[in-house]
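Heads up: the structure comes next, in structure tokens.
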Amino acid sequence: MHVLVTGANGYIGLRLIRALLDAGHEITALVRDRRRFPASDFGEDESRLRVAEADFLDAGTLVDLPRQVDAAYYLIHSMDSGGDFAEREERCARNFSEAAHALGWKRIIYLGGLAADDGPLSEHLESRRRVGRILGECGVPLTALRASIIVGSGSASFEIIRDLAEKLPVLITPRWVHTRCQPIAIRNVLDYLTGVVAHPETAGKSYDIGGPEVISYLELIRGYCAVRGLRRFFFPTRLLSPRLSSGWLCLLTSTSFPLARTLVDSLTHETVCHDSKIREIIPLELIGYREAVERALAQIAQNHVPSSWIDSLAAGTLPPRLFAAVKVPEHGVFKDSRTAHLTAGREQVIERLWSIGGLNGWPSMNWAWRLRGTMDKLFGGIGIRRGRRHPMELRSGDALDFWRVLLADHENGRLILYAEMKLPGEAWLEFALEDLPDGRPGLRQTATFRPQGLLGRLYWLAVLPFHFLLFPRMVRSLAAG
């Protein structure tokens, strides 16, 4: 069976592709930039995997999609793209639907959000419901699976729970923590996604999927603490409005303010299965919440997280042209370039470069990097808490604290990072192993800033003194034996 997977670089997409390959299917993985897709991770199965580029915000990129598709998975969302995410999600769904109908695809499988079929909803849940309706009206049979909280490494909801439980000995809990949900382990989500392909009778129908327990969001946090052996104190309050709760989550966890606001608005709605019809068709041994947490933590401890929500490029938020820009701009920019001779081995220096940031910290004035991340959070940016996918590996498209990896050329020792923090301009940080003017091998470290107007120029002047303190020490530390 030929299966197409959108959102193939996402934390569910990569896992789903592995499960579908194990089931013997031929896969077309749709991504916005094929250079970000880790095709080599699929080993011998790579021969049954084709990678294609498409941006569902741009209908013009969809004309060359394959025609012979037995099932197309729709896993696209734009929650972290800001206030216009609902409009983006609707446009993506319409372009996808038109392509599916025009190309004669046989079936669509959609993973949406669990919510009531009628009545007012949050903007996020309403958008998920609207996307489902658009997909269902295109003339291609739709199987819709609707899930509550997905528990697994890389899931935004799970990572927020983890952040709160791990970092705060005392938690002030607003009213929404008593809302009920039905969390489901990511393993069971994958079981259902792959299972419906083998059951043609599920076409044209919608199913609620959930785990074996209905619990509150407060019990989610308490359950995580129990698994980890953490003692935490909870103090309820009625003073935290949804907006204040969003700011609280943004400051204390790795989430951005737009995503925090979107999630908190949805937490006032119960997300509980209304029926269990899917279990009659695909009988599973459902994984309980605490076991799901244990599995997720085991994956994280072994660095077996193929992708995370922090690595996702929300549709349209980061221009794909940046990944083609392996050369940092030269004109209309300010530069701070530093060099140091290598006194350590070349491979050792590359290993240091590939392990910067995240829990490993930064090689010079790590406190200053964390302070800059905190300031970014206060201004509504992503901050530094999102860390990195793997402590020793980097690939194009990875998130790295408040940077995005544009180029990770391990063989040649070249790394280019692009700043995703709130800035009056654009910023790059580049590392390159090269021969210095005296002919000896060295490391060149270059910070580049393209200002926007007067404010951008004033910003560069303001941070320049910190560059003089931080950057010379950093390049020497990375190059030293």
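The values are calculated or read from the model by the stated rules, or taken from the named source; none is laboratory data. Not measured: the values here are computed from a predicted model. When we count neighbours, we look across all protein chains shown, and the Cβ atoms used for this are built from the backbone with ideal geometry, even at glycine. Note: areas computed on protein heavy atoms with side chains; ligands, DNA, RNA excluded. Shrake-Rupley method; radii C 1.70, N 1.55, O 1.52, S 1.80 Å.
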### Task
Kindly establish whether Ala93 is surrounded by 21 or more Cβ atoms within 10 Å (Cβ to Cβ) and over 29 Å from Glu420 (Cβ atoms).
no
### Summary
Per the filter on the stretch 221-278, residues modelled with pLDDT under 80, open to solvent by less than 20 Å² (accessible area, probe 1.4 Å) and among the hydroxyl-bearing types (Ser, Thr, Tyr) are Ser245, Ser246, Thr253, Ser254, Thr255, Ser256, Thr262, Ser266
### Task
Residue by residue through the stretch 96-145, note down the ones that are of a type in the set (Lys, Arg) and crowded, with 23+ Cβ neighbours inside 10 Å.
Arg128
### Message
I need a count of the residues in the stretch 1-23 that are in contact with a strand residue (DSSP E or B) (Cβ under 8 Å, 6 or more places away or on another chain), modelled with pLDDT under 90 and within 19 Å of Arg187 (Cα to Cα).
### Response
5
### Top-ranked residue in the stretch 285-325 [being open to solvent by 40 Å² or more (accessible area, probe 1.4 Å) and modelled with pLDDT of 85 or more; ranked as nearest to Asp58 (Cα to Cα)]
Arg295
### Task
Hey, could you check the stretch 425-475 for residues that are assigned to a strand (DSSP E or B), among the charged types (D, E, K, R) and open to solvent by 40 Å² or more (accessible area, probe 1.4 Å) and say which is modelled with the lowest pLDDT?
Arg450
### Message
Between a residue in the stretch 368-392 that is of a type in the set (Asp, Glu) and any residue that is open to solvent by 90 Å² or more (accessible area, probe 1.4 Å), which pairs come within a Cβ distance under 6 Å, given they are 6 or more apart or on different chains?
### Response
Asp376/Lys422
### Message
For a quick check of your reading of the model, give me the residue pairs whose first member lies in the stretch 129-151 and is free of Cβ contacts under 8 Å to residues at least 40 places away in the same chain and under 18 Å from Gly104 (Cβ atoms), whose second is part of a helix (DSSP H, G or I) and open to solvent by 10 Å² or more (accessible area, probe 1.4 Å), with beta-carbon atoms closer than 9 Å and at least 6 apart or on different chains.
### Response
Gly139/His101
### Summary
Residues of the stretch 24-56 being surrounded by fewer than 16 Cβ atoms within 10 Å (Cβ to Cβ), out of contact with any strand residue (DSSP E or B) (no Cβ under 9 Å at 6 or more places or on another chain) and at pLDDT 85 or above, in sequence order, are Gly24
## Note on the structure
Requiring at least 1 residues that are farther than 30 Å from Ala198 by Cβ, the strands (runs of 3 or more DSSP E) wholly within the stretch 101-179 are 170-173
